[in-house]
Amino acid sequence: MDSLKCTTSYTFLLGSGAINWSSKHQPTITLPSTKVKHKATIEATKDAIWIKQLLQDIGQVQLAPTIFNCDHNQSCIALSHDHKFHARIKHIEIQYHYICEIIKKGMVKFQYCNTNENIVDIFTKSLTKNKHQDCAS
């Protein structure tokens, strides 16, 4: 049954180096993929806010939003930005409002990244030799 659990992952880069990453199985089997991706988005957003605060504490204020290049389905990105999907996600309402608030404050921004261009896969997935070399370069 573990093979039915989704793996969610994210990586934070500062300059050209990875400073934080996570890759883990979801604790439960979840049917809607948007819900799984949204859970990962919430965890990554919380880490982004923590890193932003840490940088501020050492005198490196980040004025621009943290950009999330998401290679998952676009419904999760739309969910983070648009209230019209609210009726479909009542079961994750608190987290939904947290993400919307953080986006409105300009602290994070989500944009789609084609999975073939996602360089952080080197930290989170088994890759072919060519994909590994592309990510490493």
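Coordinate-derived values only; no laboratory data. What you are looking at is a predicted structure, and each value in this text was computed from that prediction instead of being measured.
Worth pointing out:
- Close amide H contacts of PHE12 (hydrogens built in the peptide plane, cut-off under 5 Å, sequence separation of 5 or more or a different chain): ILE19, ASN20, TRP21.
- 5 angstrom amide H check on CYS70, placed H, neighbours 5+ away: GLN111, TYR112, CYS113
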